[in-house]
Amino acid sequence: MADDSIAVVDLDRCQPDRCSYECKNYCPPNRTGKECITLRGEDTDEGQPEQIHISEEICLGETCGICVEKCPFDAIEIINLPKELQDDPAHRYGENAFSLYGLPAPQQGQVTGILGPNGIGKTTAVRILAGELEPNLGRHEESPGWDEVLEAYRGTELQDYIADIREGEVTVSRKPQYVDQIPNSFDGNTRDLLERTDERGALDSLVDRLEIAPVMDQSIDDLSGGELQRVAIAATLARDTDFYFLDEVTPYLDIGQRVTAARLIRELAEEENRSMLVVEHDLAILDLLADTLHVAYGEPGAYGVITPPKSVRNGINEYLAGYLDNENMRIRPDPIEFEEHAPRAAVRSDTLVEYPDLEKSYGEGEFSLEVEGGEIRRNEVLGIVGPNGIGKSTFAKLLTGDLEPDSGDADLDLEISYKPQYVTIDQHMRVDVFLSSITDQFGSSYWNTEIAQPLQLERIMEQNLSDLSGGERQRVAIAACLSDSADLYLLDEPSAHLDVEQRVQATSAIRRYAEQQDATVLVIDHDIYMIDLLADRLMVFDGEPAEHGRAGTPQPMRDGMNEFLANLEVTFRRDERTSRPRINKPDSQLDKRQKSEGEYYYA
Ligand code: ADP
Ligand code: ADP
Ligand code: SF4
């Protein structure tokens, strides 16, 4: 086969006990007696049929692809690598396994960002940079060793860094992607967890700025996702190491907390001259956070390419445009575009529900919420923004009738389909069984096109809910919420753990669903780009988290964004080339001017 093709067999999917080797039986070279698809001969449990191996020398390449079609479990990928990809990979896990091209280059005193989909090799890259995984330069039969790796990277940004790893001189501190799993591996309270990380004497200040003090004596088991995220960030930054890697800092944090996390990471780079590497899918925050950016692309699970560093502005712009200039590479057929002006008020649609001023408090001295009366329109996507702990879920429960208001006659008993912020579906049940129990539309061509495809469910239908990653679980939960029949759909933080591509797809699935099903959708989210792309109108919550909250009436996007961002004292300017919103530096001329004009977003 052509040199630039690879064959990848996903050994978690290849299940020869449940098929009859259709791949092998139909492979054209095999049928003429060649040994293209063979049996591995080793690595299976006793008595189990053997998994397959594909010879990349003999295989005819992507234009054949017969085995890919024949495999009932989607276990095979045959891929023509882009012609532009001439170098050897940095690492390949083995024959017919994932390969990674290129490596990110952390720099002292800088924050280096990586932008790209999940499953593209970011963790692999970090394991190499942490000195845990010796890269094999694609030669998985014989390990080349660090000397040869250093030779391969001579003259690149990575030369010095690799020399340090070879000497065993790089120390690393890491924040994992899925903070929800921390309680599984740690017993004790927040203080126990954090104290052992205090290597720089910076813990008190981190605890203060990340507002962790109220949960210091709480058991890690009892922390919410947002609290775990802040504790994990503090634990990572408190250590005294050369290299810090943070895999997604924003899930479950509100915008104020996201900006604080970004500032802390920047300060550690600038003031202590450390190397920071971050993976982040909230583009407004990534823009604020990073000095340089590597874009990652490829086929998740098959191969990944990490580009040389770009300026953050160009990297994000090229990524959104779907075309990488220097690499001469299209990574997506269509660009992702932002409207410069607030969307025109939609044609007035019918009212789904009108509600009066409402009040609710959880008891003497506990949290209280005031709701300004308003209406929710049939067929709209209403964005809901505001800090954590300000009463957004409480408001939702007033709508569903799960909570009675203390004053105001609501008498609302809308059927609501609700996706909570923390997705807890993890029964031992297959995804397809779970989803077909929710809707009899399951499997119809409408459901497949509007729900399964944009949410990329096809490849995980046969997996168990309990085996899904955070991002996969999120997509199943969004599908389950939209598939239920209800008057109102309420999605709390659908962006959490989705990569940028998946956020955009989920956004368009939610919008199309609202339009086509005459459905009304409420979306709570902290990713400002997602809210911008998704919402027709905005409901803004403010107040003092955990003490009292105030919910404003739903308003047009421009007014809503202005009110919300004024509370946060954050303004956005527009990128000249793409109209993409970018956070202004506090107290810059633009920031001051926009504040005085009261134009925080659609300036
Ligand atoms: P990301 O961090 O971008 O989500 P990873 O680096 O974790 O991606 O993984 C990229 C691919 O490499 C995945 O398809 C994964 O299954 C595969 N992979 C990871 N570790 C191994 C391994 N030890 N052997 C074979 N394949 C692996
Ligand atoms: P949000 O959805 O904006 O994060 P919530 O409506 O969940 O906010 O919570 C607002 C505040 O009310 C929080 O401080 C929370 O701890 C408190 N709260 C929520 N439910 C209860 C309850 N049943 N009893 C007492 N306090 C509660
Ligand atoms: Fe055989 Fe390659 Fe064709 Fe698959 S793609 S059937 S391995 S020749």
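Give the carbon-plus-sulfur fraction of the accessible surface of segment 443-520 in %, rounded to a whole number; probe 1.4 Å, heavy atoms of protein chains only. Let's see the in-between values first.
Values: 1020 of 2580 Å².
The computed percentage sits at 39.
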## Note on the structure
Note to self: C-alpha centroids of segment 93-133 and segment 191-251 sit apart, in Å, by 24
### Task
Tell me which residues come under 5 Å, amide H to amide H, from Lys175 once H is placed; ignore anything under 5 positions away on its chain.
Phe245, Leu246, Asp247
### Task
Please give the per residue volume of the convex hull enclosing the alpha carbon atoms of segment 341-430, rounded to a whole number of Å³.
176
### Task
Determine one quarter of the surface area of the Cα convex hull of segment 85-145, which equals its mean projected area, and express it in nm² to one decimal.
5.0
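With r as the distance between the Cβ atoms of Asp12 and Lys83 and R0 = 41 Å, compute the FRET efficiency 1/(1 + (r/R0)^6) and round to 0.05. Please report the intermediate quantities before stating the final value.
Values: r = 30 Å, r/R0 = 0.74.
That gives a FRET efficiency of 0.85.
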### Task
Quick one: angle between helix 225-238 and the longest Cα principal axis of the chain, in degrees between 0 and 90, rounded to 10, please.
60
### Summary
Amide H contacts under 5 Å for Glu380, restricted to residues at least 5 apart in sequence or on another chain and with H modeled in the peptide plane, are Val521
### Query
With labels modelled as points extended 7 Å from the Cα through the Cβ direction, what inter-label distance (nm, one decimal) is found for Asn25 paired with Leu150?
5.5
#### Entry: Principal axes of segment 452-595: Cα extent on each, largest first, Å
54, 35, 32
### Task
In whole Å, largest first, what are the principal axis extents of the Cα atoms in the chain?
80, 58, 50
#### Entry: Unmatched cysteines, the chain - criterion: no other Cβ of a Cys under 4.7 angstrom
Cys14, Cys19, Cys27, Cys36, Cys59, Cys64, Cys71, Cys481
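Could you pull out the pairs from Lys310/Lys595; Lys122/Lys419; Lys175/Lys310; Lys392/Lys419; Lys360/Lys397; Lys175/Lys392 whose alpha carbons sit more than 21 Å apart here? Kindly include the intermediate steps, with their values, before the conclusion.
Working: Lys310/Lys595 31 Å; Lys122/Lys419 29 Å; Lys175/Lys310 24 Å; Lys392/Lys419 13 Å; Lys360/Lys397 11 Å; Lys175/Lys392 28 Å.
Cα-Cα > 21 Å for Lys310/Lys595; Lys122/Lys419; Lys175/Lys310; Lys175/Lys392; rest within.
Skip the ligands, DNA and RNA, and give the accessible area per residue of the chain with a 1.4 Å probe, whole Å².
Numbers: 26720 Å² over 603 residues.
Per residue, the chain has 44 Å² of solvent-accessible surface.
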## Note on the structure
Going residue by residue through segment 53-62, the Karplus relation 6.51 cos²θ - 1.76 cosθ + 1.60 with θ = phi - 60° gives ³J(HN,Hα) values, rounded to whole Hz and with x marking Gly or Pro, of 10, 10, 7, 6, 6, 8, 3, 7, x, 4
### Summary
For segment 586-603, in residue order, the Karplus 3J(HN,Hα) values (coefficients 6.51, -1.76, 1.60; θ = phi - 60°; whole Hz; Gly and Pro = x) are x, 6, 6, 4, 4, 4, 5, 5, 5, 4, 5, 8, x, 10, 8, 10, 8, 7
## Note on the structure
Sorted by chain and then number, the residues having a modelled amide H within less than 5 Å of the amide H of Ser5, at least 5 places away or on another chain, are Leu81
### Query
Mind listing P(r) for segment 18-128? All alpha-carbon pairs, 10 Å bins, whole percents.
11, 34, 30, 17, 6, 1
### Message
Just to be sure I follow: if Rg is taken over the C-alpha atoms of segment 290-401 and Rh is the Kirkwood radius over the same atoms, what is Rg/Rh?
### Response
1.19
### Query
Under the Karplus relation 6.51 cos²θ - 1.76 cosθ + 1.60, θ = phi - 60°, what is the ordered set of whole-Hz ³J(HN,Hα) values for segment 153-168, x standing for Gly and Pro?
9, 4, x, 9, 4, 8, 3, 5, 4, 5, 4, 5, 4, 4, 7, x
### Query
With the calculation restricted to Cα positions, what are the radius of gyration and Dmax of segment 113-243 in angstrom?
18.1, 53
### Virtual spin-label span in nm between Glu359 and Glu195, 7 Å along Cα→Cβ
4.4
## Note on the structure
In this structure, the FRET efficiency calculated for Glu271 and Asp467 from their beta-carbon separation, with R0 = 30 Å, to the nearest 0.05, is 0.10
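Helix-only mean residue ellipticity at 222 nm, the chain, DSSP H runs n ≥ 4 weighted -39,500 (n - 2.57), per residue, nearest 500. What is it?
Details: 20 runs with 179 residues, N = 603.
That comes out to -8500 deg cm²/dmol.
The values are calculated or read from the model by the stated rules, or taken from the named source; none is laboratory data. Just so you know, these numbers come straight off a predicted model, no measurement behind them. Don't worry about glycine lacking a Cβ; one is built from the backbone with ideal geometry, like all the others, and counts go over all protein chains shown. For accessibility, only protein heavy atoms count, side chains too; no ligands or nucleic acids. Shrake-Rupley method; radii C 1.70, N 1.55, O 1.52, S 1.80 Å.
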